[in-house]
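K.L.:
What follows is a structure written as structure tokens; I'll ask about it next.
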Amino acid sequence: MNNKLLVSGLLIGVLLLSIPVLSWGNWRGNFGVGGMGQGIPGMGMMSSSMMGMHGNMMGSGGVDLKEPVDLETAKELVNDYLKTSGMEGISLAELMEFDTHFYVETREDQSGKYAHEFILDKRTGSLSPEMGPNMMWNVKYGHMGGMMGAGATSGKPMVSAENAVKLANEFLVRESTRETAAEPHEFYGYYTLHTLKDGKIAGMLSVNSATGQVWYHTWHGQFINMESADGHAHQEA
């Protein structure tokens with residue numbers, strides 16, 4: 001009996017030692033308070049698995065296709081999902097093509113405010129909630145319910161759109177990216193902004209509308225093409 005307890009205790013000790021410690025330094029560097037924020041350590045791996053899970057739940061793919069999804073097919077997949085998911089009053093606002101996936105923004109028809117951010121896999125056609133601010137800061141539609149203190153779902157945000165651009169540019173200068181922030185898109189709890197380099201789209205970041213924290217989207221890769229709901233298109237030069 002004592003031997004069993006000893007073995008159990010040793011196993012628990014090994015498991016505890018294997019869990020990474022979330023120090024303040026790691027929090028600052030990874031969450032974007034003082035560095036190129038990617039979220040909580042380990043969140044990228046967790047989000048990827050969650051994204052796969054939600055992609056299967058949405059019933060929008062999950063197997064390798066014969067040909068990669070193109071822009072028109074991506075629009076069809078997103079619009080079909082919005083029609084069948086019960087998301088009334090939500091429409092496709094913007095579709096950005098990157099080398100491995102499409103980035104999707106949706107918007108509320110009545111308020112004009114942005115609602116969701118999705119990732120559509122080019123190989124499988126699966127549609128999944130985007131990791132990062134979409135899950136952690138979106139106080140109305142996010143899977144974490146705005147657990148990082150992004151504020152209320154209604155009312156004027158503490159950080160204005162103008163201040164969001166200012167904070168984004170300060171972050172980009174501090175990180176020496178040679179990028180600048182473009183027009184902010186307001187979601188519930190945060191803003192998402194394209195970043196530009198030499199006048200061309202280079203990446204993306206988000207600014208928390210309650211705390212001013214900046215979260216750079218490091219997972220997109222090479223930008224190729226985009227199209228907004230009003231028909232505006234922008235291709236890589």
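K.L.:
Restricting to the range 119-136, name every residue that is in a strand (DSSP E or B) and more than 13 Å from residue 69 (Cβ to Cβ).
P.N.:
Selection gives 128, 129.
Let's see how each residue does on (1) out of contact with any strand residue (DSSP E or B) (no Cβ under 9 Å at 6 or more places or on another chain); (2) modelled with pLDDT of 95 or more:
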| site | (1), (2) |
| --- | --- |
| 107 | no, yes |
| 117 | no, yes |
| 120 | no, yes |
| 130 | no, yes |
| 138 | no, yes |
| 142 | no, no |
| 149 | no, no |
| 152 | yes, no |
| 161 | no, yes |
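K.L.:
For the range 93-105, enumerate the residues that are closer than 17 Å to residue 138 by Cβ and surrounded by fewer than 21 Cβ atoms within 10 Å (Cβ to Cβ).
P.N.:
Result: 93, 94.
K.L.:
Can you pull out every residue in the range 65-96 that is in a helix (DSSP H, G or I), over 19 Å from the mean Cα position of the chain (by Cα) and without any contact (Cβ under 8 Å) to a residue 40 or more places away in the chain?
P.N.:
Listed by number, the residues that qualify are 72, 76, 79, 80, 83, 84.
The values are calculated or read from the model by the stated rules, or taken from the named source; none is laboratory data. Computed from a prediction, not measured in an experiment: that's the story for all the values here. No Cβ is skipped: glycine too gets one built from the backbone with ideal geometry, and neighbour counts run over all protein chains shown.
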